[in-house]
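S.K.: Quick one: structure below, then a few questions.
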Amino acid sequence: MKENKCVVLGVTGGIAVYKALDIASSLRKKDIDVRVIMTKSATEFVAPLTFQAISQNLVTTDMFQEPKAWEIQHISLAQRADVFLVAPATANIIGKVANGIADDMLSTTIMATNAKVIFAPAMNTGMYNNRIVQGNLEKLKKLGYEFIEPDSGRLACGDVGKGKLPAPEIIVEKVMSELYDKKDLINKKVIVSAGPTRTDIDPVRFLTNRSTGKMGYEIAKEARDRGAEVILVSGPTNEKKPYGIDVIDVKTNEEMLNAIINHYDDADIVVKAAAVADYKAKEVSSQKIKKGDGDLSLDFVRDNDILMLLGKKKKNQILVGFAAESQNVIENAKGKLDRKNLDYIVANDITSKDTGFGSQDNRVSIISKNGDITTLEKMNKKEVARNLFDMIMEKR
């Protein structure tokens, strides 16, 4: 993504204004040019000087303040914006825009911009649920304006319900996704599996593997950022649920298979990055297995080969598998690609000490069904995901 993309941040009056400081700071750390417009009410909560220090740009608060350069300010900001974010967005600003009212700097600039406008509402639960406010929201959505759903919880007024401004990192994730420089997956449906699966032994014990889900989550986010509708089928992981992605939580091999099959027929691309258990306990004890004097033996049977089943069922989908190998990496990966009717397979050496499970980085080879091999040296998993989709889309 090119540096110096511009986000115009509109800040309206509400207790959540302090979170907008974190939003501005996070965007600046990502080399985004942040231009802040504050309503008069917002300045009662936080001084414009604070936003000025964080954004490293002058803050606009008044339509009629003396300009620092010879330009019509609301027009220049409207034209400069790549994304226009309003956070927090009060019922007042939402109502103004929905009804074409432009009576201050912020509402005027929103009316003048051709950039994507994203509102992050924050208000009392009663206000948010008010039929007039909901009507304004629906009206703006139909006109192409986007909204980040507020969180539920205890509000500053003491009420409990929907109306909290989401965490700044969620809002920034949405903005950065909108700014992403490649949008070649618009109108495509992508299914990604991630993380480990478990096989139960008794009510308190299970077997699993070392997968953390990081690679699969980065693949899902890459597809989202490129414009796809993404379904992420996730085994148990500590990764945060990404914004704008439909996450289906599963635990077992069977659950993962069913979740993928339910969406498989209308998928365009399926990336099977999960580390799925190949075997399951032949019998699962209904009671905790007690410690005895001797050794314990458990019998295991083969579980579903999800990738093989998907390969047999494949029609027009692009099917991508992963091969985590400890020896003969390329040879074993090629065999898996052929046996399971894959279009691509991503092979990585799990014996590497500085990449793989739990690491932010990976070192992989991507093999296509025509035999081409692309080797990627050590890079972060986000870059691996980007390279993978670059290759897929280049061949389409």
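The values are calculated or read from the model by the stated rules, or taken from the named source; none is laboratory data. What you see is a predicted model, and the numbers here were worked out from it, not measured in a lab. Positions of Cβ are generated from backbone atoms using ideal geometry, with glycine treated the same way; all protein chains shown enter the neighbour counts.
S.K.: Of V204, V160, which residue is assigned by TED's automatic domain parsing to the domain that holds D31 and either over 26 Å from M391 (Cβ atoms) or surrounded by fewer than 16 Cβ atoms within 10 Å (Cβ to Cβ) (or both)?
M.R.: Of V204, V160, the one residue that is assigned by TED's automatic domain parsing to the domain that holds D31 and either over 26 Å from M391 (Cβ atoms) or surrounded by fewer than 16 Cβ atoms within 10 Å (Cβ to Cβ) (or both) is V160.
S.K.: Quick one: how many residues across region 203-230 are over 11 Å from the mean Cα position of the chain (by Cα), part of a strand (DSSP E or B) and not charged (D, E, K, R)?
M.R.: Adding up the residues that qualify gives 2.
S.K.: Within region 155-193, count every residue that is assigned to a strand (DSSP E or B) and either without any contact (Cβ under 8 Å) to a residue 40 or more places away in the chain or polar (S, T, N, Q) (or both).
M.R.: 4
S.K.: Would you be able to tell me the number of residues in region 93-118 that are basic (K, R) and touching a His at 6+ places or on another chain (Cβ under 8 Å)?
M.R.: 0
S.K.: Pairs, please: C-beta under 7 Å, at least 6 apart or cross-chain, first residue more than 19 Å from A115 (Cα to Cα) and in region 128-154, second exposed (fewer than 14 other Cβ atoms within 10 Å of the Cβ) and modelled with pLDDT under 95?
M.R.: Close Cβ pairs (under 7 Å, with a partner that is exposed (fewer than 14 other Cβ atoms within 10 Å of the Cβ) and modelled with pLDDT under 95) amount to G153/V160; R154/V160.
S.K.: Now for a separate question. Give the residue, chosen from I170, I186, I201, I191, that is touching a His at 6+ places or on another chain (Cβ under 6 Å) and closer than 30 Å to N258 by Cβ.
M.R.: I191
S.K.: Residues in region 246-267 that are crowded, with 16+ Cβ neighbours inside 10 Å, more than 21 Å from the chain's Cα centre (by Cα) and part of a helix (DSSP H, G or I): how many?
M.R.: Looking only at that region, the number is 3.
S.K.: Now for a different question. Looking at the structure I just gave you, is L342 at pLDDT 95 or above and in a loop (DSSP other than H, G, I, E, B)?
M.R.: So L342 fits the description; yes.
S.K.: Give the residue that is nearest to the chain's Cα centre (by Cα), with candidates limited to residues of region 1-16 that are surrounded by fewer than 24 Cβ atoms within 10 Å (Cβ to Cβ) and not small (G, A, S).
M.R.: M1
S.K.: Checking L337 against (1) within 28 Å of M393 (Cβ to Cβ); (2) surrounded by fewer than 20 Cβ atoms within 10 Å (Cβ to Cβ); (3) at pLDDT 95 or above; (4) under 29 Å from the mean Cα position of the chain (by Cα): exactly one of these is not met. Which one?
M.R.: Of everything listed in (1) within 28 Å of M393 (Cβ to Cβ); (2) surrounded by fewer than 20 Cβ atoms within 10 Å (Cβ to Cβ); (3) at pLDDT 95 or above; (4) under 29 Å from the mean Cα position of the chain (by Cα), L337 misses just condition (2).
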